[in-house]
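What follows is a single structure, written as structure tokens, with notes after it.
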């Protein structure tokens with residue numbers, strides 16, 4: 001059972017109306033129409049009072065009402081056994097979300113060749129399906145966010161798709177960046193000449209990268225990177241385009257014995273149950289010292 005309360009923050013979005021409809025509340029939670037139709041058809045949306053009763057679409061909700069989503073058996077269980085002996089480092093977990101400290105050299109999702117992924121580990125660990133709202137590269141370390149249920153997923157995913165989630169990375173690039181702060185706004189698209197590679201191109205999708213220099217040393221620059229978009233390989237492509245490829249980037253930079261030095265450092269978002277904004281910070285490892 002997944003519960004959501006109609007609180008003051010919810011009513012604020014509706015100009016503090018005394019009551020809102022169920023569908024207005026589902027709009028607030030960003031539940032898509034096809035999902036809400038299935039939930040209603042299967043009688044899985046209830047209101048919690050003295051006795052839990054069925055809730056129809058035309059019901060009115062007031063402050064402190066609790067809406068219950070019965071998701072028991074709602075989705076097929078497609079859990080894949082995770083055989084990796086070494087587990088995944090769980091950074092934070094509650095009843096709605098789970099944040100993982102992703103190590104280098106593992107996929108977030110299956111790619112058709114391997115089931116040894118973080119998503120499969122978490123599903124096996126929780127014995128239920130999990131969903132990630134974003135991905136980071138195979139060789140990138142740091143925070144990855146997963147949702148434990150479909151209600152939480154749509155609330156978080158809306159924030160992700162609309163650039164409302166704060167995403168910061170620590171990166172080390174080759175050479176000395178001239179400016180202490182800067183923005184890179186080149187469009188990014190697929191490289192027609194190489195599979196699974198991306199390039200700056202006029203017809204690509206918009207991409208926004210902001211950086212702040214933390215340190216310059218040994219012909220390298222350590223930067224804090226803030227991205228407003230989530231294009232594949234965005235940070236790597238943008239810095240390579242301005243001739244400061246990331247250290248250890250064997251695709252967009254020079255061959256190196258060093259690992260890719262890119263770390264998912266901070267994620268900030270509104271929690272799917274409390275609706276409050278929280279930030280989660282995971283410091284980079286020792287290999288990021290220059």
Gyration tensor on Cα atoms of region 2-69, a ≥ b ≥ c root eigenvalues, a/c under 1.5 rounded, else prolate if a/b beats b/c, else oblate, says oblate
Listed residues 61, 29, 260; largest mean-square fluctuation, Gaussian network over the chain with Cα springs below 10 Å, found at 61
Least to most buried among 158, 194, by other C-beta atoms within 10 Å and fewest first, runs 194, 158
The rounded separation in angstrom of the Cα centers of region 114-150 and region 168-184 is 29
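Pop the C-beta distance of residue 74 and residue 217 into the FRET formula with R0 = 41 Å and round what comes out to the nearest 0.05.
Efficiency for this residue pair is about 0.15.
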Length gained, residue 181-residue 194, 0.36 nm per residue minus C-alpha separation, equals 1.5 nm
Extension length gain for residue 201 and residue 161 (0.36 nm per residue less Cα distance), in nm, is 12.2 nm
Restricted to the chain, the DSSP antiparallel beta bridge percent, nearest 5, is 95
Exposure proxy check on 289, 148: fewest-to-most Cβ neighbours within 10 Å is 289, 148
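Return an integer: the convex hull volume of the alpha-carbon atoms of region 212-290, in Å³ per residue.
Details: hull volume 9.4 nm³, N = 79.
Once divided by residue count, the hull of region 212-290 is 119 Å³.
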Within region 243-272, the residues whose backbone N lies under 16 Å from a label point placed 7 Å from the Cα of residue 101 along the Cα-to-Cβ direction are 263-267
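How big is region 166-265 by the Kirkwood estimate over distinct Cα pairs, in Å? Could you put the intermediate results ahead of the total?
Details: mean 1/r = 0.0740 Å⁻¹.
Result for region 166-265 stands at 13.5 Å.
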Most exposed to least, judged by fewest other Cβ atoms within 10 Å, 141, 185, 117 sort to 185, 117, 141
Simple spin-label estimate for residue 5/residue 287, 7 Å along Cα→Cβ, in nm, reads 4.4
Expressed in angstrom and rounded, the centroid-to-centroid distance over alpha carbons for region 8-22 and region 210-254 is 43
Under the 7 Å Cα-to-Cβ spin-label approximation, residue 135 and residue 271 lie apart by a distance in nanometres of 3.0
Out of 166, 13, 129, a Gaussian network model of the chain with alpha-carbon springs under 10 Å gives the largest mean-square fluctuation to 13
Cα gyration tensor of the chain diagonalised, 5x eigenvalues square-rooted, in angstrom largest first, produces semi-axes 40, 22, 17
1/(1 + (r/R0)^6) with r = Cβ-Cβ of residue 38 and residue 66, R0 = 30 Å, i.e. FRET efficiency to nearest 0.05, evaluates to 0.90
Calculated from DSSP helices alone, with each H run of at least 4 adding -39500 (n - 2.57) and the total divided by the residues of the chain, [θ]222 nm to the nearest 500 comes to -4500 deg cm²/dmol
So, with points 7 Å from each Cα along the Cβ direction, the residue 126-residue 210 label distance in nm works out to 3.1
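No value in this document is a laboratory result; all are computed from the given coordinates. Not measured: the values here are computed from a predicted model. Ideal geometry is used to build each Cβ from the backbone, glycine not excepted, and the neighbour counts take in all protein chains shown.
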